[in-house]
1. Kindly provide the helix-only [θ] at 222 nm of the chain, computed as the sum of -39,500 (n - 2.57) over DSSP H runs of four or more divided by all residues, to the nearest 500 deg cm²/dmol?
2. Using the Cα centre of region 3-163 as origin and beta-carbon charges of +1 (Lys, Arg) and -1 (Asp, Glu), tell me which of Leu68, Ala56, Gln26 is placed farthest towards the positive end of the dipole.
3. Under a point spin-label approximation (7 Å from Cα along Cα-to-Cβ), what is the Val140-Ala10 distance to one decimal in nm?
4. Treating only the Cβ atoms of Lys and Arg (+1) and Asp and Glu (-1) as charged, compute the dipole magnitude of the chain about its Cα centre; round to the nearest 20 debye.
5. Treat each spin label as a single point 7 Å out from the Cα along the C-beta direction, and report the Ala60 to Glu91 distance in nm.
6. When the Kirkwood radius is taken over all Cα pairs of the chain, what Stokes-Einstein diffusion coefficient follows at 25 °C and 0.890 mPa s, in µm²/s?
Amino acid sequence: MNRPKIALIATTLSCLVLLVVALYLQLVEKMLPCPLCVMQRYAFIAIALSCLITLALPAALRRIGLGLGLLSVFSGIGIAGYHLWVLANPEISCGIDPLETGLNKIFLSRLLPVLFKADGLCDTPYAPILGLSIPAWAMVWFLIFAVILSSLFFGKKRERELFGKNY
């Protein structure tokens with residue numbers, strides 16, 4: 001197995017671990033997810049799915065899969081950035097608003113409410129974890145995934161050399 005495939009598998013597994021950590025914080029530590037938290041969860045799932053799809057695509061289409069992954073990463077960066085801005089400006093709140101109502105009507109929030117139902121407020125001041133807030137940690141991970149997927153997407157090697165000769 002070559003390094004790009006390992007990077008895609010590691011990215012997928014990292015996204016899944018981050019979702020498990022989010023569930024731990026929600027269910028054990030009683031930190032209710034706000035609409036922006038739920039949207040970041042969607043972004044992590046989209047990144048994981050795009051990495052898995054990229055692994056399954058034929059060589060000619062792998063850059064499309066990586067592009068979809070980058071689109072998901074940049075969406076996550078935007079959401080996490082806005083969430084950090086909301087935390088930095090306590091007078092702004094996403095609270096109970098149309099965003100929450102709309103998110104809670106998506107079929108995934110009804111299918112898996114424990115993972116996708118927004119119940120919390122975006123400006124709730126939870127204690128930092130290792131010095132960073134939860135959206136700051138999400139931003140760190142989105143930036144790590146941006147570096148990984150960008151290096152695969154913009155790498156100078158050809159697809160054949162990048163993903164191995166046996167496909």
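All of the numbers you see were taken from the coordinates with simple rules; none came from a lab. Keep in mind that what you see is a predicted model, and the values were worked out from it rather than measured. Glycine also receives a Cβ, built like all others from the backbone with ideal geometry; neighbour counts cover every protein chain displayed.
1. Calculated from helices alone, the mean residue ellipticity at 222 nm is -22000 deg cm²/dmol.
2. Highest projection toward the positive end goes to Ala56.
3. About 1.7 nm, to one decimal.
4. For the chain, the charge dipole is close to 1040 debye.
5. Label at Ala60, label at Glu91, 5.8 nm between them.
6. Details: Rh = 16.8 Å.
For the chosen part, D equals 146 µm²/s.
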